[in-house]
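Trainee: There's a structure below that I have some questions on.
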Amino acid sequence: MPAIQIQLIAPSGYPHDRAALARGVERLRGAGCALSGLDVLERSELRFAGSDAERLADINHLADLSTLPDLVLTTRGGYGASRLLPHLRYDALRERLAETPIPLVGHSDFTALQLALHAKSGLCTFSGPLLADLGTDAHDDDFSWRHFWSTLTSSSTTLAWADAGVADVDASGPLWGGNLAVLCSLLGTPYFPGAKGGGIDGGILFVEDVGEPPFRIERLLYQLHLSGVLGRQQALVLGGFSHCRPGPNDNGYDLAAAFAQIERVAGIPVVHGLPHGHGARQLTLPFGAPARLRVEGGSARLDFHGYPHLPLGSSPAVPGRQGREQGQAGSTPNP
């Protein structure tokens with residue numbers, strides 16, 4: 001079987017943890033993948049992974065390739081993708097990637113590119129592990145690794161988790177979202193999906209964040225609520241909120257209080273517990289793909305399909321691929 005060709009891109013921060021990136025490279029190579037774009041791992045300018053022009057070229061050059069890679073993988077997050085949005089070749093990227101759809105994968109600051117590419121080009125990308133995540137020691141149970149390959153080598157995927165926090169939900173719509181702070185930073189701009197940058201109507205919106213105190217999380221969610229974005233969704237799904245701790249003056253106010261307030265005002269189901277974010281585990285979620293979310297008895301199930309994927313059966317040897325649900329092309333057990 002030919003090696004899976006992976007193109008690395010670095011649209012945001014410079015690689016401050018080079019050891020994690022090196023482990024990610026070796027892990028992919030050990031699985032039989034061939035990597036290109038390794039030069040991006042050596043770039044740095046201030047806090048960025050190279051100049052704006054270099055980071056922009058990582059993405060724009062995809063439109064000119066006669067032969068595309070099998071997938072594109074972001075090295076790490078940080079900040080810097082927003083600088084690139086006015087200069088992306090949206091029409092050319094849409095034309096080339098519609099002809100040969102391939103997965104583009106990343107999260108954190110990559111959310112800005114996902115929003116813009118969907119808003120301006122209609123492209124479906126993936127919120128999933130970064131190269132740095134695939135090389136981080138915290139991933140000792142292979143959860144992120146297994147779900148990455150299971151999703152990208154299947155035409156549809158099912159995942160399930162417990163403690164969803166609501167009684168009963170049955171919602172269908174486009175799956176979209178990502179990092180909450182990055183998402184809100186583009187609200188109302190031409191790079192935010194939906195009419196006049198107002199969000200995808202009838203969607204299933206998932207959000208996660210890291211290092212923000214609870215009051216800021218509530219404020220960001222209120223921004224989505226007061227702008228009307230939340231009210232147009234079928235459901236809000238809360239992922240991981242790592243290191244989002246109360247401050248000394250919060251007087252008992254915490255994330256649970258923030259989420260409870262949003263549940264009171266949002267007018268839509270708020271589902272908890274999605275195992276995705278900046279913690280030790282990441283899912284691989286297609287931004288813009290058709291999805292169905294069901295919650296019964298506090299247990300959630302999310303099905304999605306119709307996304308770019310690798311040729312079926314092309315996955316490298318991945319531990320723990322057993323346990324798929326009967327009739328599903330790919331699935332993840334309860335975390």
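The values are calculated or read from the model by the stated rules, or taken from the named source; none is laboratory data. Worth saying up front: this structure is predicted, and the values here are computed from it rather than measured. Quick reminder, even Gly has a Cβ in these numbers, built from the backbone with ideal geometry, and neighbours come from all protein chains shown.
Trainee: Quick one: in region 186-200, of everything that is in a loop (DSSP other than H, G, I, E, B) and either hydroxyl-bearing (Ser, Thr, Tyr) or modelled with pLDDT under 95 (or both), which residue is surrounded by the most Cβ atoms within 10 Å (Cβ to Cβ)?
Mentor: Only one residue fits best here, namely 199.
Trainee: Can you name every residue in region 11-29 that is at pLDDT 95 or above and either within 17 Å of residue 46 (Cβ to Cβ) or not assigned by TED's automatic domain parsing to the domain that holds residue 79 (or both)?
Mentor: 11, 12, 13, 14
Trainee: Filter region 70-92 down to residues that are closer than 17 Å to residue 190 by Cα and not polar (S, T, N, Q), then give me how many there are.
Mentor: Number of matching residues: 10.
Trainee: Pull up region 134-174, narrow it to residues that are in a loop (DSSP other than H, G, I, E, B) and among the hydroxyl-bearing types (Ser, Thr, Tyr), then point me to the one that is modelled with the lowest pLDDT.
Mentor: Per the stated criteria, the residue is 136.
Trainee: Would you check if there is a residue in region 160-173 being within 29 Å of residue 212 (Cα to Cα), in the same structural domain as residue 192 (by TED's automatic domain parsing) and buried (at least 24 other Cβ atoms within 10 Å of the Cβ)?
Mentor: Checked region 160-173: at least one residue is within 29 Å of residue 212 (Cα to Cα), in the same structural domain as residue 192 (by TED's automatic domain parsing) and buried (at least 24 other Cβ atoms within 10 Å of the Cβ).
Trainee: Would you pick out the residues in region 127-152 that are surrounded by 21 or more Cβ atoms within 10 Å (Cβ to Cβ) and β-branched (Val, Ile, Thr)?
Mentor: 151, the sole residue that qualifies.
Trainee: On to the next question. Go through the residues of region 229-239 one by one and say whether even a single one is surrounded by fewer than 23 Cβ atoms within 10 Å (Cβ to Cβ), out of contact with any His (no Cβ under 7 Å at 6 or more places or on another chain) and among the β-branched types (Val, Ile, Thr).
Mentor: no
Trainee: So is residue 177 within 30 Å of residue 87 (Cβ to Cβ), not in a helix (DSSP H, G or I) and not charged (D, E, K, R) or not?
Mentor: yes
Trainee: Has region 82-99 got at least one residue that is outside any strand (DSSP E or B), of a type outside the set (A, V, I, L, M) and at pLDDT below 95?
Mentor: yes
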